[in-house]
1. How many residues are at pLDDT 85 or above, exposed (fewer than 10 other Cβ atoms within 10 Å of the Cβ) and either in a helix (DSSP H, G or I) or not assigned by TED's automatic domain parsing to the domain that holds residue 83 (or both) if we restrict to the range 38-56?
2. What number of residues within the range 65-83 satisfy the criterion of being surrounded by 14 or more Cβ atoms within 10 Å (Cβ to Cβ) and on the phi > 0 side of the Ramachandran plot?
3. Note down all Cβ pairs under 9 Å where the first residue falls in the range 8-19 and is surrounded by fewer than 10 Cβ atoms within 10 Å (Cβ to Cβ), the second is at pLDDT 80 or above, and they're at least six residues apart or on different chains.
4. Suppose we keep only residues that are within 21 Å of the chain's Cα centre (by Cα) and not in a helix (DSSP H, G or I) within the range 68-87. Which one would you say is farthest from residue 49 (Cα to Cα)?
5. Tally the residues that are part of a helix (DSSP H, G or I), free of Cβ contacts under 8 Å to residues at least 12 places away in the same chain and over 25 Å from the mean Cα position of the chain (by Cα), restricting the search to the range 88-123.
């Protein structure tokens, strides 16, 4: 019996068509792998920044050749992109190089950075709220209860009814407290259990 098992485990030679298919499949995978490696290398090279001392030597020449038509009006952004550095670092280096930045440019830069931070914070908050909602739904399904959000689709933990949202994304409407209710308490149920 062991001899039969050995014979079955030995694979029969592939037909010429199957061998050709297997070979082309192998070559295709290798080509894809090389492409991914090449792309990763380009990405690494592109993102690698020079040390500050080197940048400060090269920057005056680049600033002398700076053309608004080519690079745009935002010198800080253009400098950051050219040298692959963080925005705050670009601003510091332009100040070190005594490049004449207007108060308006600096104000816009700081305003833009604050907006980026606020957007990132909002993204994280929304992601966290969504995750919490998913967990709550799973918990309710596990317990066999109905999702309270289904009973109150235009509400959340703070608002009984959400009338709309501000331009910043904050909800407004009637709060649970104004209705004299606890969050997701059914206003039509009678509380007298006595």
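The values are calculated or read from the model by the stated rules, or taken from the named source; none is laboratory data. Computed from a prediction, not measured in an experiment: that's the story for all the values here. Cβ coordinates were reconstructed from backbone atoms using ideal geometry, including for glycine residues, and neighbour counts include every protein chain displayed.
1. 1
2. So the answer is 0.
3. From the range 8-19, the pairs are 13/19.
4. Start the filter on the range 68-87 by keeping residues that are within 21 Å of the chain's Cα centre (by Cα), which leaves 77, 80-81, 84-87.
Imposing the further condition that a residue be not in a helix (DSSP H, G or I) reduces the set to 84-86.
Working: 84: 5, 85: 6, 86: 10 Å.
That would be 86.
5. Summing the residues that are part of a helix (DSSP H, G or I), free of Cβ contacts under 8 Å to residues at least 12 places away in the same chain and over 25 Å from the mean Cα position of the chain (by Cα) in the range 88-123 gives 5.
To keep it simple, each residue is scored yes or no on (1) loosely packed, with under 10 Cβ neighbours inside 10 Å; (2) touching a strand residue (DSSP E or B) at 6+ places or on another chain (Cβ under 8 Å); (3) modelled with pLDDT of 65 or more; (4) closer than 30 Å to residue 115 by Cβ.
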| position | (1), (2), (3), (4) |
| --- | --- |
| 127 | no, no, yes, yes |
| 159 | no, yes, yes, yes |
| 163 | no, yes, yes, yes |
| 167 | yes, no, yes, yes |
| 172 | no, yes, yes, yes |
| 175 | no, yes, yes, yes |
| 180 | yes, no, yes, no |
| 189 | yes, no, no, no |
| 194 | yes, no, no, no |
